Amino acid sequence: MLILGLNMFHADASAAIVLDGEVKFAIAEERLNRHKHFGGFPALAIQACLDAVGAKISDVEHVAVGQDRDANLAKKVQYALANPAKILNFIRLRQRKEAMRDVRSLIAEALHVDSGSLQFREHHLEHHIAHIASAYYCSPWEKAAGFSYDGSGDFVSTMTARCEGNDIQALDRVFLPHSLGSFYTMICEFIGYTKYGDEGKVMGLAPYGEPTYCGEIDNIVSPRRDGFQLDLSYFKPLGSNQGMQVLSDGTVRLARHFSGRMEKLFGQPRKPHSEITKRDMDLAYAMQHRFEQIVFHLLNRLYAHVPVDHLAIAGGCALNSVANGKLFDMTPFRRTYIQPAAGDEGLAIGAALHTYHSVLKQTRRHELNNAYLGPEFSDSRIQRALESAGLEYRPMERSALLVTVAEQIAAGNVVGWFQGRMEWGPRALGNRSIVAHPGLPNMKDILNARIKHREWFRPFAPSIMAEYQNEYFEHDHPSPFMLHVYKIRPEKRQALCAVNHVDDTGRLQTVTREENPLYYDLISAFHRKTGIPVILNTSFNENEPIVCTPEEAIDCFQRTRMDVLAIGPFVAQKQPLAPEKMPEFKSERV
Ligand SMILES: [Fe+2]
């Protein structure tokens with residue numbers, strides 16, 4: 001049974017294909033059309049899904065969309081009536097969503113087929129149920145508490161659920177305008193991070209701050225017995241677009257969230273790209289602190305209703321890896337499953353799997369234990385790309401490749417590592433990664449100056465051989481998709497200084513040989529050379545979506561000051577090495 005799942009006309013549009021209950025391929029449209037966070041129709045992603053399983057669209061029996069415009073309709077109407085100025089906007093949005101409902105015509109047009117030839121049944125699923133489905137049905141569990149939270153989706157910002165067997169039963173919803181995602185976005189905007197998806201950056205700024213403004217920020221969002229509520233006087237009314245607009249070219253634009261009350265309290269908002277002041281850091285600190293307090297309140301409340309060890313989390317706020325890392329200390333939950341695409345691209349697999357399990361009552365479950373659901377490219381295609389770029393390269397056997405790359409990393413060089421199937425979700429997890437030495441004090445600056453051009457305060461992440469996690473980090477719950485932040489043990493902070501954040505934490509990826517044999521063996525080769533079972537891993541890109549094809553990887557390699565490119569079985573290297581690349585690190589074994 002072939003099911004196509006879609007997230008469309010929403011940020012991070014995507015498609016996924018599920019064959020007999022197993023996710024075979026999934027990809028965000030941005031990776032194919034190179035338009036970051038693209039929010040239009042995922043035409044290229046649909047075609048890529050079909051190609052991956054060798055199917056035609058006429059073979060697809062069900063199409064599932066992770067959005068239902070009729071969900072929570074009464075609440076939407078009630079909100080529109082209470083905000084008469086927004087009614088026209090509300091009607092426009094309904095019309096747009098009406099057009100969006102004609103999935104059959106949209107697919108026929110995108111794939112150049114006759115809509116009469118399409119046999120599939122269509123399913124529309126409420127946004128947050130699709131989120132929870134994307135986590136629960138991919139987990140290994142038969143029973144779990146479900147939790148989804150984000151800015152908004154289908155007029156809801158937060159949902160709790162009981163997940164058991166084939167079913168997901170929604171327990172509670174928090175309706176707009178009350179939204180933890182909006183709370184976070186509002187303060188990010190105030191301190192100059194105004195783009196969709198900037199929240200993750202500000203999370204990295206928070207530990208530089210102090211609790212100066214915790215009192216003031218705590219007033220903006222308050223826990224309640226039935227959830228939480230915002231003090232709306234700090235916000236501009238979001239209107240019926242729920243604070244986010246998708247332009248006709250697929251660009252996702254955020255509306256201004258903060259009101260004049262924020263300016264009265266804290267002064268002028270910071271202009272994007274201007275200097276970050278102590279005020280901005282302290283606001284980031286207070287925001288993250290309050291966010292965590294409310295999340296743990298919600299999760300403890302959820303546990304009271306669903307007292308099980310297992311928690312399936314999703315939604316854009318589930319990318320808050322700092323909160324994810326602390327929840328084992330702050331709630332009774334013992335295990336989390338967070339799918340690699342916890343944000344909105346994940347709706348595509350959630351909608352498809354929900355259709356399979358809950359609508360069609362199919363019981364066969366497939367745990368999603370790796371994120372490698374994207375395209376891969378043959379050695380001959382890679383070789384052609386290298387040839388046409390005019391790069392010198394050497395083909396290598398597997399073991400020679402691993403030793404060579406490990407030596408390059410150990411020598412302080414920055415390596416583009418392009419292997420196998422592209423990752424699903426926003427994190428590079430060892431197939432489209434830039435890898436480097438985690439223990440060189442200047443490596444963060446080198447990466448930022450030469451390739452990534454990121455804000456100075458953003459940390460780089462460590463990939464660690466899973467069996468060494470406990471030796472290096474203070475928590476042993478696995479983090480296979482780089483979605484948990486843990487404290488680094490004091491005695492290991494020096495060895496991991498390039499990935500040790502200002503609060504002595506790291507957003508780690510635990511790597512097992514089962515999940516990714518080649519990447520695991522690379523870290524292992526580096527470990528043999530240096531005594532460190534960790535490498536620094538950042539996404540293979542430069543101010544663009546993560547590279548997908550060999551051509552994009554080669555282009556990124558050529559236009560940045562990366563030293564080495566290991567692409568499939570081929571290694572290309574730039575010469576000569578600049579003096580700044582000389583290692584300052586002394587091996588633990590010395
Ligand atoms: Fe969402």
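Looking at Asn320, is it more than 16 Å from the ligand (Cβ to nearest atom) and either of a type in the set (S, T, N, Q) or in contact with an Asp or Glu (Cβ under 6 Å, 6 or more places away or on another chain) (or both)?
Answer is no for this residue.
Of the residues Arg301, Arg290, Arg261, which single one is within 18 Å of Lys201 (Cα to Cα), of a type in the set (Lys, Arg) and more than 16 Å from the ligand (Cβ to nearest atom)?
The conditions single out Arg290.
Restricting attention to segment 223-251, report how many residues are of a type outside the set (Lys, Arg), open to solvent by 60 Å² or more (accessible area, probe 1.4 Å) and touching a Ser or Thr at 6+ places or on another chain (Cβ under 7 Å).
Total meeting the criteria: 1.
Could you tell me which residue of segment 275-303 is farthest from the chain's Cα centre (by Cα), considering only residues that are open to solvent by 10 Å² or more (accessible area, probe 1.4 Å) and among the aliphatic types (A, V, I, L, M)?
Within segment 275-303, the match that is farthest from the chain's Cα centre (by Cα) is Ile276.
Between a residue in segment 458-477 that is within 16 Å of Pro490 (Cα to Cα) and any residue that is at pLDDT below 95, which pairs come within a Cβ distance under 6 Å, given they are 6 or more apart or on different chains?
Gln469/Asp476; Asn470/Asp476
Identify the residue in segment 106-134 that is away from the ligand (no atom under 16 Å from the Cβ) and in a loop (DSSP other than H, G, I, E, B) and, among all such residues, is farthest from Asp344 (Cα to Cα).
Among those that are away from the ligand (no atom under 16 Å from the Cβ) and in a loop (DSSP other than H, G, I, E, B), it is Asp114.
Just a yes or no: is a residue in segment 50-66 basic (Lys, Arg) and surrounded by 20 or more Cβ atoms within 10 Å (Cβ to Cβ)?
The answer is no, given that none of the residues of segment 50-66 is basic (Lys, Arg) and surrounded by 20 or more Cβ atoms within 10 Å (Cβ to Cβ).
I'd like to verify a number: residues in segment 260-271 that are open to solvent by 60 Å² or more (accessible area, probe 1.4 Å) and under 28 Å from the mean Cα position of the chain (by Cα), how many?
Qualifying residue count, segment 260-271: 1.
Of everything in segment 187-213, what is closer than 16 Å to Glu292 by Cα and either out of contact with any helix residue (DSSP H, G or I) (no Cβ under 8 Å at 6 or more places or on another chain) or open to solvent by less than 20 Å² (accessible area, probe 1.4 Å) (or both)? Give them in sequence order.
Ile187, Cys188, Val202, Gly204, Leu205, Ala206, Gly209
Report yes if some residue within segment 252-259 is touching a helix residue (DSSP H, G or I) at 6+ places or on another chain (Cβ under 7 Å), open to solvent by less than 60 Å² (accessible area, probe 1.4 Å) and among the aliphatic types (A, V, I, L, M); otherwise report no.
yes
From the residues in segment 431-475 that are part of a strand (DSSP E or B) and hydroxyl-bearing (Ser, Thr, Tyr), which one is nearest to Gln419 (Cα to Cα)?
Within segment 431-475, the match that is nearest to Gln419 (Cα to Cα) is Ser433.
Looking at segment 376-397, which of the residues that are touching a Ser or Thr at 6+ places or on another chain (Cβ under 8 Å) and closer than 25 Å to Cys49 by Cα is most open to solvent (accessible area, probe 1.4 Å)?
Out of the qualifying residues, it is Phe377.
Out of segment 135-166, which residues are farther than 20 Å from Pro332 by Cα and more than 10 Å from the ligand (Cβ to nearest atom)?
Listed by number, the residues that qualify are Tyr137, Cys138, Phe155, Gly165, Asn166.
So the check is Cβ under 6 Å with 6+ separation or different chains; which pairs have a first residue in segment 303-315 that's under 20 Å from Asp226 (Cα atoms) and at pLDDT 95 or above and a second one that's within 16 Å of the ligand (Cβ to nearest atom) and acidic (Asp, Glu)?
What qualifies is Gly315/Asp150.
Could you grab me the full set of residues in segment 195-226 that are polar (S, T, N, Q) and at pLDDT below 95?
Within segment 195-226, none qualify.
Among the residues of segment 243-255, is any within 30 Å of Thr331 (Cα to Cα) and acidic (Asp, Glu)?
No, because not a single residue in segment 243-255 is within 30 Å of Thr331 (Cα to Cα) and acidic (Asp, Glu).
Looking at segment 20-29, is at least one residue part of a helix (DSSP H, G or I), touching a helix residue (DSSP H, G or I) at 6+ places or on another chain (Cβ under 6 Å) and surrounded by fewer than 21 Cβ atoms within 10 Å (Cβ to Cβ)?
For segment 20-29, residues part of a helix (DSSP H, G or I), touching a helix residue (DSSP H, G or I) at 6+ places or on another chain (Cβ under 6 Å) and surrounded by fewer than 21 Cβ atoms within 10 Å (Cβ to Cβ): absent.
Within segment 281-294, how many residues are under 18 Å from Trp456 (Cα atoms) and either outside any helix (DSSP H, G or I) or of a type in the set (D, E, K, R) (or both)?
Residues that pass the stated criteria total 1.
Of everything in segment 304-316 that's within 25 Å of Asp198 (Cα to Cα) and open to solvent by less than 10 Å² (accessible area, probe 1.4 Å), which residue is nearest to the ligand (Cβ to nearest atom)?
Gly315
Got a sec? Which of Glu376, Glu367 is farther than 30 Å from Asp167 by Cα, more than 18 Å from the chain's Cα centre (by Cα) and outside any strand (DSSP E or B)?
Among Glu376, Glu367, only Glu376 is farther than 30 Å from Asp167 by Cα, more than 18 Å from the chain's Cα centre (by Cα) and outside any strand (DSSP E or B).
Do we find that Ala400 is in contact with a His (Cβ under 9 Å, 6 or more places away or on another chain) and open to solvent by 10 Å² or more (accessible area, probe 1.4 Å) in this structure?
no
The values are calculated or read from the model by the stated rules, or taken from the named source; none is laboratory data. Fair warning: this is a prediction, and the values are worked out from it, not measured in the lab. Quick reminder, even Gly has a Cβ in these numbers, built from the backbone with ideal geometry, and neighbours come from all protein chains shown. These accessible areas exclude ligands, DNA and RNA; they are computed on the full protein's heavy atoms, side chains included. Shrake-Rupley method; radii C 1.70, N 1.55, O 1.52, S 1.80 Å.
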